[in-house]
Amino acid sequence: MELPLTDKLVDRQRDALFNYSASSQSEISAARPWVQDPAYFKTVRVSPIALVKMVMHARSGGSLEVMGLMQGYVDGTALVVTDAFRLPVEGTETRVNAQGDADEYLVEYLAACRDESRQENVIGWYHSHPGYGCWLSGIDVATQQLQQLQGPMVAIVIDPDRTISANKVEIGAFRTYPEGYTAPATSTTSPSISSSAAAGGQSVPLTKADDYGAHASKYYPLQVEHYKSTLDGKLLEQLWNKYWVQTLAQNPLLTNRDYARSQMCDVAQRVLDAAGAVARTGRGAAAMSIFDGGGSGRGDGAGRAAEEMAMAGGGGGGIAGAGGKGVDQAVEKIVQDVGQIAAKERAGLMAAEVKAQIFSSGGGGGGSA
């Protein structure tokens, strides 16, 4: 279905973010206010087309990380992302490696954009963290520091697995501090990064526990906002009218089964580690009441206490040094994660049952789909 070309598709005030001004961008680049203030930028505004491209690219990578670049401009203390494009890079389950082909592709792509009168410059880069939240690893921090030498760049991280699981885009935007800079105590990144990386209370997998939080003092998060033009709103409405049946019919348990399986395996390993840690600390009697079902969500066991303490910013030199409080918190976290996994499975099963009753021929009062 084609949309009629009417004035209702254009709203000058609403579509102002799409008006690129080369002269104003040159003035901002000459002033470079972000050099005097390492935390100058506060927000990132992402357009629907850029968000859709990044999420689809991240989802297509499966368990492998993917990488791409974003185009946009600076608007005060905000970075406006108008478009995004993928890079031909080699990805693994832990990193992406940009080679010479990516540089050549970047030059050709930007030249083609200039030929089409699209003057926006590269404003940052994005990559995916399949299943382990939105935060920056040591390699990511080094990459972002290199990018910021070229201008006001931002790093965006997308978790495609948690996006499907939560039915909302799991996204985070970050900028790094200069070398040797110490962030004020009031703007420490640990709380914000913890909330974004473990959205919904989810833990970081054990394979990422060592890297998670180790570089939190080197970067800070930016607030992510979304904007759309009048035409974007019309197009999204048409897409919803076309695909709402498919969205309703899909089963989240099948769509994201690989991620659910990895979560269960990770929790199982953490339970085994906790049991071993309890035995080493000589607190087996209290642990038996937990693992035999006698606990009430709080216990005296240990589950990777040193790693959990490090993630929370407390550091620690091992299970014995964590103390009873840290041990209890570790076990509580395991119980919380188990409850969340079970709740999602129950919700998926209930949704499938409700849809079967509504759309099946035998559903009371409902017609066949």
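The values are calculated or read from the model by the stated rules, or taken from the named source; none is laboratory data. Bear in mind the structure is a predicted one, so any value in this text is a computation, not a measurement. All Cβ positions, glycine included, derive from the backbone under ideal geometry; neighbour counts span all protein chains shown.
Take the residues of the stretch 56-76 that are over 23 Å from Asp161 (Cβ atoms) and touching a strand residue (DSSP E or B) at 6+ places or on another chain (Cβ under 6 Å): which is surrounded by the most Cβ atoms within 10 Å (Cβ to Cβ)?
The first filter runs over the stretch 56-76 and keeps only residues over 23 Å from Asp161 (Cβ atoms), leaving 71-76.
Still in the running and touching a strand residue (DSSP E or B) at 6+ places or on another chain (Cβ under 6 Å): 71-73.
Working: Gln71: 23, Gly72: 26, Tyr73: 22.
Looking at the filtered set, the residue picked out is Gly72.
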Check: Quick one: in the stretch 218-249, which of the residues that are surrounded by 11 or more Cβ atoms within 10 Å (Cβ to Cβ) and of a type in the set (Gly, Ala, Ser) is farthest from Ala352 (Cα to Cα)?
Finding: Ser229
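Does the stretch 33-40 contain any residue that is within 13 Å of Tyr126 (Cα to Cα), among the hydrophobic types (A, V, I, L, M, F, W, C) and modelled with pLDDT of 90 or more?
Among the residues of the stretch 33-40, not one is within 13 Å of Tyr126 (Cα to Cα), among the hydrophobic types (A, V, I, L, M, F, W, C) and modelled with pLDDT of 90 or more, which makes the answer no.
To keep it simple, each residue is scored yes or no on (1) in contact (Cβ under 8 Å) with a residue 12 or more places away in the chain; (2) in contact with a Pro (Cβ under 9 Å, 6 or more places away or on another chain).
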site: Asp37; (1), (2): no, no
site: Tyr40; (1), (2): yes, yes
site: Leu69; (1), (2): yes, no
site: Arg86; (1), (2): yes, no
site: Tyr109; (1), (2): yes, no
site: Gln119; (1), (2): yes, no
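Name the single residue, out of those in the stretch 42-55 being touching a residue at least 40 places away in the same chain (Cβ under 8 Å) and of a type outside the set (Val, Ile, Thr), that is surrounded by the most Cβ atoms within 10 Å (Cβ to Cβ). Steps first, answer last, please.
Restricting attention to the stretch 42-55, the residues satisfying the condition of being touching a residue at least 40 places away in the same chain (Cβ under 8 Å) are 42-49, 51, 54-55.
If we keep only those that are of a type outside the set (Val, Ile, Thr) too, we end up with 42, 45, 47-48, 51, 54.
Values: Lys42: 13, Arg45: 19, Ser47: 23, Pro48: 15, Leu51: 19, Met54: 27.
By that ranking, first place goes to Met54.
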